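K.L.:
Quick one: structure below, then a few questions.
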Amino acid sequence: MKTLKNLILVFGSLLMFAFTTQISVAQTYNLSNAASVLKIEGTSNIHDWDITAADQKGKIVVDFENGKLINIEQLDFIVMAESLKSGKSSMDKNTYKALNTEKYKQIVYKLTKVNSINCSTNSNCKVTTTGSLKIAGTTKTVEITFDIKITDSKIILSGVETLKMTTYGVEPPTALFGTITTGDAIDVKFQSSFIK
């Protein structure tokens, strides 16, 4: 009888522990190329320009605790370099030449650390991260801050990051025998949609 009481006590304690312990759940989402937009905006001595990525892929693995985002375990993002399109073939050729796309086919970002996650609600958070960005064979550490919108089946990352092409050994493209020159700084604007 005493043994039975002890078993009931142990079982009851385990149930209480299960209900009072917060449950952390990791979930994986894959990038939807069709639902995602990545645009690079820059300047030149003639006019501003932009170029859009047509082929992107990636994955995000996140941890939720009681429905709230608490961590990003993994974030990988790849752009096929020759999928960058401006609508002008001459500009695209100059871009591919500057990026040396014959040798370096992909632009790759990998998360290395989550610095902070601040959520105003369970579905809206601002995240600051550190990661590695590889462009034209050169890898640099970058800090990127972005907004996250979360639903049951989708996570949307959106933000803008300013980079300098020369940081990655990329010579800003020129055209018409150097009479058109582009500025070194570019803005990378993204709205990346990840789905289960």
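K.L.:
How about segment 141-196: which chymotrypsin sites (Phe, Trp or Tyr not before Pro) there are in a DSSP loop, with at most 13 other Cβ atoms within 10 Å of their Cβ? It would help to have the intermediate numbers written out before the result.
P.N.:
Working: sites: Phe146, Tyr168, Phe177, Phe190, Phe194; in loops: Phe177.
When the chymotrypsin sites (Phe, Trp or Tyr not before Pro) of segment 141-196 are filtered for loop state and at most 13 Cβ neighbours within 10 Å, Phe177 remain.
K.L.:
Can I ask one more? Over segment 16-138, what is the relative contact order in percent, taking alpha-carbon pairs closer than 8 angstrom and at least six residues apart?
P.N.:
Working: 217 pairs, mean separation 23.9, N = 123.
Here the relative contact order equals 19 percent.
K.L.:
Would you mind computing the Rg to Rh ratio of segment 115-158 from its alpha-carbon coordinates, Kirkwood style for Rh?
P.N.:
Numbers: Rg = 13.0 Å, Rh = 11.7 Å.
Result for segment 115-158 is an Rg/Rh of 1.11.
K.L.:
Also: In the structure displayed, which of Lys59/Lys149; Lys134/Lys154; Lys57/Lys85; Lys149/Lys196; Lys126/Lys189; Lys105/Lys154 lie more than 19 Å apart, Cα to Cα?
P.N.:
On the way: Lys59/Lys149 16 Å; Lys134/Lys154 26 Å; Lys57/Lys85 16 Å; Lys149/Lys196 14 Å; Lys126/Lys189 16 Å; Lys105/Lys154 28 Å.
In this structure, Lys134/Lys154; Lys105/Lys154 exceed 19 Å between Cα atoms.
K.L.:
Moving on. Once the Cα atoms of helix 2-20 and of the chain are each reduced to a long axis, what angle between those two axes, in degrees from 0 to 90 to the nearest 10, is obtained?
P.N.:
Helix 2-20 sits at roughly 30 degrees to that axis.
K.L.:
Right, here's the next one. I'm spelling it out carefully: the read-out is semi-axes √(5λ) of the Cα gyration tensor in Å, the candidates are (1) 32, 22, 16; (2) 24, 19, 16; (3) 47, 14, 14, and one was derived from this structure. Which label?
P.N.:
(3)
K.L.:
Hey, another quick one. Dipole magnitude of the chain about its Cα centre, charges +1 at Lys/Arg Cβ and -1 at Asp/Glu Cβ only, in debye to the nearest 20? Don't skip to the end; give the middle numbers.
P.N.:
Working: 22 positive and 18 negative charges, 130 e Å.
Rounded to the nearest 20 debye, it is 620 debye.
The numbers here are math on the coordinates, done by the rules we state, and not lab data. Remember, it's a predicted structure, so these values are computed and weren't measured experimentally. Using ideal geometry, Cβ is built from the backbone for each residue, glycine included, and neighbour counts are taken over all protein chains shown.
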